[in-house]
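Reviewing the structure listed below.
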Amino acid sequence: MKKTIAAVSFSLIALSGCNQTTDKQQLIVGTNATFPPFEYVGGASGSDIIGFDIDLAKQIAADAGKELVVKDMKFDSLIVALNAGKIDMIAAGMTITPERQKSVAFSAPYYEATQVVITQADYHGISTSTDLTGKKVAVQLGSTGDGMATELGSHVAAFNTGFEAVMELSNGKVDAVLFDSQPASNLIAKKPQLQLHTMEFEPEYYGFAVAKDNAELVAQINTTLQTMQSNGSYTTLLNTYMK
Ligand code: ARG
């Protein structure tokens, strides 16, 4: 009899916890799966969300004893979703910036990146970042590239994905795309008519974002990152995803 009562009350707890971010059994991670090799749609089924960040998130969830749930959304709505309690963590190649730190907490940095400029291969009008001033530049909406192009005084065309920004360039509608280097080289692979230019941009550091009051999750993420760095699995992931 005792057993039955325990079983019943357990299933009630399990039920009442369903679909809520307060559910102790799930780690709900928000991403924008248009950023290869960090997060993109692919895999065996062709419709899985996979990538470097997703593998890191898997390990973070596993170490915390939770089931990983990945929610794909627009990049510029991730912080809103986090602060509305719809997701527990952002894993989206998100650069740690002082502006974002006003509204979210970041894990330790886990990847160093930089912006690059993509142009048509036969275009020679941009050789330093200041050449972006007054040029038509396509970016991903809400990205650091978006902020930088705006600051540099470009005519900014912002899209929901880097892919669309590159399309705009391919179609001759803009002079350049400003985007993170790894995804940029992924997006222009097999497009010999486009060229990537590295310039003197400051390094950026990606971090996982969590709600400001969630110090416990920050600590858990950092512990997993440290362990993965010391046991070599972080390097294995780098070798798997970064070409
Ligand atoms: N690192 C850049 C930023 O934080 C771009 C990130 C875009 N990420 C994505 N999953 N689409 O703004």
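Odds and ends about this structure:
- Which of S127, A108, A81, positive extreme of dipole for the stretch 41-127 (C-beta unit charges): A81
- Kyte-Doolittle mean at least -0.5 and Cα axial length at least 18 Å: DSSP H helices in the chain: 2-16, 215-230
- Packing, taken as the mean count of other beta carbons within 10 Å per residue, orders the peptides 198-209, 131-142 from highest to lowest as 131-142, 198-209.
- Between T150 and S233, the modelled labels are 3.8 nm apart [label points 7 Å from Cα along Cα→Cβ].
- Net charge dipole size for the chain [Lys, Arg +1 and Asp, Glu -1 on Cβ; Debye, nearest 20]: 760
- The label-point distance for Q25 and Q226, in a model that sets each label 7 Å from Cα toward Cβ, rounds to 3.1 nm.
- Exposure proxy for E67, E39: other Cβ atoms within 10 Å of each Cβ, ordered fewest to most, give E67, E39.
- Relative to the current alpha-carbon distance between Q120 and E67, full extension at 0.36 nm per residue lengthens the span by 14.7 nm.
- Stretch gain in nm, segment H197-K102, where the contour uses 0.36 nm per residue and the Cα spacing is subtracted: 31.0 nm
- Taken about its Cα centre, the stretch 96-223 carries a charge dipole of about 280 debye when Lys and Arg each add +1 at the Cβ and Asp and Glu each add -1 at the Cβ.
- The three principal axes of the Cα atoms in the chain give end-to-end lengths of 80, 33, 32 Å, sorted in falling order.
- For the stretch 176-243 versus the stretch 24-66, the inter-centroid distance based on Cα atoms is 13 Å.
- Listed peptides 164-175, 185-196 appear in the order 164-175, 185-196 once ranked by packing, highest mean of other Cβ atoms within 10 Å at the front.
- Global geometry of the stretch 22-121, whether rounded, prolate or oblate, following the gyration tensor of its Cα atoms and the 1.5 cut on a/c: oblate
- Projected over every direction and averaged, the convex hull enclosing the alpha-carbon atoms of the stretch 111-206 yields 5.3 nm².
- Restricting the calculation to Cα atoms, the stretch 152-227 shows an Rg/Rh of 1.12 when the hydrodynamic-style radius is the Kirkwood one.
Every read-out reported here was derived from the displayed coordinates using simple, explicitly stated rules and does not represent laboratory data. The structure displayed is predicted, hence computed values, not measured ones. A quick note on method: Cβ atoms are made from the backbone with ideal geometry, for glycine too, and the neighbour counts reach across all protein chains shown.
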